[in-house]
Amino acid sequence: MPARNDLRNIAIVAHVDHGKTTLVDAMLWQSGAFREGADVDTRVMDSMDLEREKGITILAKNTAITHRMSDDEEITFNIIDTPGHADFGGEVERGLEMVDGVILLVDSSEGPLPQTRFVLRKALAKKLPLILVINKVDRSDARIDEVVEETYDLFMDLSEDEDASLLDVPVVYASAKAGRASMTKPADGEMPDSPDLQPLFDCIVENIPAPSYEENGVLQAHVTNLDASPYLGRLALCRVVSGQLRKGEMVAWCRRDGSVQNVRLAELLKTEALERVPAESAGPGDIVAIAGIPEITIGETLSDPENPTPLPLIHVDEPSMAMTFGINTSPLSGRSGDKLTARLLKARLDQELIGNVSILVNSTDRPDQWEVQGRGELQLTVLVELMRREGFELTVGKPQVVTREINGKLHEPFERVTVDAPEEFMGTVTQMMGLRKGQMMHMVNHGSGWVRMEFVVPARGLIGFRTEFLTQTRGQGIMNQVFEDYQPWVGELRTRQTGSMVADRQGTVTSYALFNLQERGTMFVSPGEDTYEGMVVGENSRPDDMDVNPTKEKHLTNVRSSTGDELERLIPATKMSMEQQLEFCREDECLEVTPDMVRIRKVELNAHERAKARTRAKKA
């Protein structure tokens with residue numbers, strides 16, 4: 001089969017924070033994508049505000065680099081930068097549909113972690129050729145030989161047919177931050193001997209095959225992602241598999257439901273560095289954006305009108321976590337947001353479904369509430385945060401796992417959790433995992449005072465676990481998790497040990513009231529904040545909920561005080577992020593999310609109704 005030797009399509013996959021986006025940065029700079037002295041942000045591929053704030057990649061993005069090789073030949077590299085979090089695994093699966101090979105990046109100190117296993121499993125399932133890049137070799141705690149050995153063990157563990165060729169995967173040693181790579185192993189903690197990334201580019205050209213195609217083949221272009229432009233409307237990102245795609249010509253649009261419709265391509269755009277530039281045509285292997293089809297979705301095919309030949313649809317893993325999204329029903333609704341109605345909320349969720357193949361939206365028994373299913377808490381909280389910034393006010397329920405019926409038995413999702421913690425917390429971590437029905441699968445002591453433990457735990461047990469884990473390990477523990485499989489339901493799990501302090505009336509919080517309440521537990525509100533009946537204002541040190549009055553004022557009397565008023569010394573309120581608040585919620589609690597505030601509240605605001613529900617539950 002003929003191949004396009006001037007082109008290579010690669011995806012960079014790795015665990016979170018192992019340096020994927022930094023490596024793409026260095027490749028862009030060394031290929032002359034930016035002029036000398038240009039003011040370009042670091043991690044330039046992370047273009048969303050939320051990505052920059054959190055320091056993670058959320059959406060898979062592609063860039064094209066034209067690099068001059070050692071023999072003066074120019075080769076174009078289409079590079080897909082993928083997220084490292086398993087929650088955004090749908091992005092990784094779509095990215096792998098576009099490429100012919102994968103660069104697996106592993107940190108020289110941390111080694112392969114759960115998401116490394118997750119993304120590698122996807123690449124091996126597609127039988128894509130691999131290049132192993134050991135990054136951050138200049139770290140003072142680098143252990144290069146052990147990490148290479150651990151990665152080869154992982155290859156063998158995940159390979160279905162014990163493919164011995166995986167042991168011949170080329171290894172490149174790199175420091176992405178310094179923009180250097182080498183094929184020869186440096187000493188631990190030392191820089192690679194090459195001054196630039198040329199050895200990595202050479203390794204890609206040698207080991208990743210050029211896109212091959214059938215001579216005079218039927219046009220086939222696979223839609224793998226969606227984007228939008230204020231001028232052109234919806235853009236579909238396609239990988240041309242065979243044939244030629246030309247601007248302005250008629251193509252057959254093979255839809256998901258099996259129907260075929262002839263449409264005209266209004267615009268054809270190719271990527272150059274970070275810009276999309278108009279092009280007249282695209283050939284096999286090219287990754288392009290096309291405009292002119294407003295309803296096109298991911299997984300559909302563009303083909304020849306005379307002989308339409310659809311490609312197989314893209315299938316992604318099923319969601320394992322669900323949350324309810326509803327309109328804001330609190331007494332303070334409408335104060336900061338401007339998108340308040342069920343119609344606007346449903347339209348926004350439908351819009352999210354178009355570009356995000358890994359979530360599902362289901363109706364509930366209420367017309368103003370929907371169940372949104374996703375891969376994990378992080379994916380769903382990112383969606384809530386994006387909607388909050390767009391001006392939505394909504395009520396978000398506590399995350400719940402998505403269960404399945406398998407062979408007549410109830411099954412629930414399990415996660416593989418890797419914990420790195422100092423040795424003295426080993427017993428504490430094991431005890432916490434035991435309470436959550438976790439099983440220890442593996443434990444390694446590197447001899448550096450730190451222990452790595454691997455557990456398989458029900459996903460339910462991990463909701464709200466991270467905050468407690470960090471408290472117990474005094475902020476030193478590191479935890480990573482990835483979906484493992486569905487296993488039989490393990491029964492009841494304990495939730496948090498403490499209760500909530502719930503406001504019993506609407507009003508403004510006073511320092512006098514907080515002074516008397518702070519002995520009973522931790523407060524979440526400060527003087528001057530608004531509160532309402534049913535809002536959670538603090539954490540009770542006992543397991544039961546307690547109705548309190550945070551708006552109580554000190555009434556003046558006509559008796560003169562000889563000492564004058566004592567100043568009330570208040571302990572500062574605990575302020576939690578949205579993720580921490582979701583973790584804190586109990587089954588009967590939810591979040592009120594507005595552009596200005598995120599508050600924890602009871603699902604049923606009326607104290608009398610809550611008391612009746614508790615009585616009914618006890619009788620049942």
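The values are calculated or read from the model by the stated rules, or taken from the named source; none is laboratory data. What you see is a predicted model; the values in this text were computed from it and never measured. Virtual Cβ from ideal backbone geometry, glycine too; neighbours counted across all protein chains shown. For the accessible areas, the whole protein counts, side chains as well, though only heavy atoms, and no ligand, DNA or RNA atoms are used. Shrake-Rupley method; radii C 1.70, N 1.55, O 1.52, S 1.80 Å.
Confirm whether Asp196 is over 17 Å from Leu265 (Cα atoms), open to solvent by 60 Å² or more (accessible area, probe 1.4 Å), in the same structural domain as Lys20 (by the TED database) and not in a strand (DSSP E or B).
No: the conditions fail for Asp196.
Return the total of residues in the range 280-302 being crowded, with 19+ Cβ neighbours inside 10 Å and in contact with a helix residue (DSSP H, G or I) (Cβ under 8 Å, 6 or more places away or on another chain).
Our first condition is that a residue be crowded, with 19+ Cβ neighbours inside 10 Å; within the range 280-302, this holds for 282, 284-293, 296, 298-302.
Then keep just the ones that are in contact with a helix residue (DSSP H, G or I) (Cβ under 8 Å, 6 or more places away or on another chain); that gives 298.
Selection size over the range 280-302: 1.
With respect to Asp227, is the statement that it is open to solvent by 40 Å² or more (accessible area, probe 1.4 Å) and in the same structural domain as Met27 (by the TED database) true?
Values: open to solvent by 40 Å² or more (accessible area, probe 1.4 Å): yes; in the same structural domain as Met27 (by the TED database): no.
Considered against the rule, which asks whether it is open to solvent by 40 Å² or more (accessible area, probe 1.4 Å) and in the same structural domain as Met27 (by the TED database), Asp227 comes out as no.
Scan the range 52-64 and give yes if some residue there is at pLDDT 80 or above and assigned by the TED database to the domain that holds Asp145, otherwise no.
yes
Has the range 454-473 got any residue that is over 25 Å from the mean Cα position of the chain (by Cα) and either open to solvent by 60 Å² or more (accessible area, probe 1.4 Å) or within 21 Å of Glu377 (Cα to Cα) (or both)?
First, pick out the residues of the range 454-473 that are over 25 Å from the mean Cα position of the chain (by Cα): 472.
Those left that are additionally either open to solvent by 60 Å² or more (accessible area, probe 1.4 Å) or within 21 Å of Glu377 (Cα to Cα) (or both): 472.
Yes, there is a match, as at least one residue in the range 454-473 is over 25 Å from the mean Cα position of the chain (by Cα) and either open to solvent by 60 Å² or more (accessible area, probe 1.4 Å) or within 21 Å of Glu377 (Cα to Cα) (or both).
Take the residues of the range 395-430 that are of a type in the set (Ser, Thr, Tyr) and touching a Ser or Thr at 6+ places or on another chain (Cβ under 9 Å): which is most open to solvent (accessible area, probe 1.4 Å)? Even if it seems obvious, please write down each step before you answer.
Narrowing the range 395-430 to residues of a type in the set (Ser, Thr, Tyr): 395, 403, 418, 428, 430.
With the extra rule that they be touching a Ser or Thr at 6+ places or on another chain (Cβ under 9 Å), the set shrinks to 395, 428.
On the way: Thr395: 18, Thr428: 41 Å².
Result: Thr428.
What are the residues in the range 192-215 that are without any contact (Cβ under 8 Å) to a residue 60 or more places away in the chain and either among the hydroxyl-bearing types (Ser, Thr, Tyr) or closer than 27 Å to Ile314 by Cβ (or both), if any?
Keep residues of the range 192-215 that are without any contact (Cβ under 8 Å) to a residue 60 or more places away in the chain, which gives 192-195, 199, 206.
Result: Ser194, single match.
Would you confirm, using the coordinates I've provided, whether Arg452 is out of contact with any Leu (no Cβ under 9 Å at 6 or more places or on another chain) and closer than 24 Å to Ala142 by Cα? Walk me through how you get there before you give the answer.
Working: out of contact with any Leu (no Cβ under 9 Å at 6 or more places or on another chain): yes; closer than 24 Å to Ala142 by Cα: yes.
It is true that Arg452 is out of contact with any Leu (no Cβ under 9 Å at 6 or more places or on another chain) and closer than 24 Å to Ala142 by Cα.
Collect the residues in the range 355-370 that are open to solvent by less than 60 Å² (accessible area, probe 1.4 Å) and within 19 Å of the chain's Cα centre (by Cα), keeping them in residue-number order.
Answer for the range 355-370, where residues must be open to solvent by less than 60 Å² (accessible area, probe 1.4 Å) and within 19 Å of the chain's Cα centre (by Cα): Gly355, Asn356, Val357, Ser358, Ile359, Val361.
Is there a residue in the range 243-261 that is surrounded by 13 or more Cβ atoms within 10 Å (Cβ to Cβ), more than 26 Å from the chain's Cα centre (by Cα), assigned to a loop (DSSP other than H, G, I, E, B) and in contact (Cβ under 8 Å) with a residue 60 or more places away in the chain?
The answer is yes; a qualifying residue exists.
Test of understanding: among Ala210, Ala221, which residue is at pLDDT 85 or above, open to solvent by 10 Å² or more (accessible area, probe 1.4 Å) and of a type in the set (Gly, Ala, Ser)? Quick ask: steps written out before the conclusion?
Values: Ala221 fails: open to solvent by 10 Å² or more (accessible area, probe 1.4 Å).
Of Ala210, Ala221, the one residue that is at pLDDT 85 or above, open to solvent by 10 Å² or more (accessible area, probe 1.4 Å) and of a type in the set (Gly, Ala, Ser) is Ala210.
Are any of the residues in the range 272-289 assigned to a loop (DSSP other than H, G, I, E, B), over 21 Å from Val92 (Cβ atoms) and among the basic types (Lys, Arg)?
no
Among the strands (runs of 3 or more DSSP E) contained in the range 526-620, which hold 2 or more residues that are of a type in the set (Val, Ile, Thr) and open to solvent by less than 40 Å² (accessible area, probe 1.4 Å)?
Values: elements: 536-540, 546-548, 589-593, 598-602.
The qualifying strands (runs of 3 or more DSSP E) are 536-540, 598-602.
Restricting the search to the range 303-333, which residues are of a type in the set (Val, Ile, Thr), open to solvent by 40 Å² or more (accessible area, probe 1.4 Å) and part of a loop (DSSP other than H, G, I, E, B)?
If the condition is that a residue be of a type in the set (Val, Ile, Thr), open to solvent by 40 Å² or more (accessible area, probe 1.4 Å) and part of a loop (DSSP other than H, G, I, E, B), then Thr309, Thr329 are the ones that fit.
Which of the numbered conditions does Met501 fail, given that it passes all the others? Conditions: (1) without any contact (Cβ under 8 Å) to a residue 60 or more places away in the chain; (2) open to solvent by 20 Å² or more (accessible area, probe 1.4 Å); (3) in a strand (DSSP E or B).
(2)
Tell me which residues, restricted to the range 99-141, are among the small types (Gly, Ala, Ser) and open to solvent by 10 Å² or more (accessible area, probe 1.4 Å). Explain how you work it out, then say what you get.
We begin by selecting, within the range 99-141, every residue among the small types (Gly, Ala, Ser); these are 101, 108-109, 111, 123, 125, 140.
Within the range 99-141, Ser109, Ala125, Ser140 qualify.
Give Asp46, Asp72 a once-over and let me know the one that is open to solvent by less than 30 Å² (accessible area, probe 1.4 Å), acidic (Asp, Glu) and at pLDDT below 80. Spell out how you get there, then give the answer.
On the way: Asp72 fails: open to solvent by less than 30 Å² (accessible area, probe 1.4 Å).
Exactly one of Asp46, Asp72 is open to solvent by less than 30 Å² (accessible area, probe 1.4 Å), acidic (Asp, Glu) and at pLDDT below 80, namely Asp46.
Among residues belonging to the range 315-342 that are polar (S, T, N, Q) and at pLDDT 85 or above, point out the one that is nearest to Gln481 (Cα to Cα).
Step by step, filter the range 315-342, then rank; the result is Thr324.
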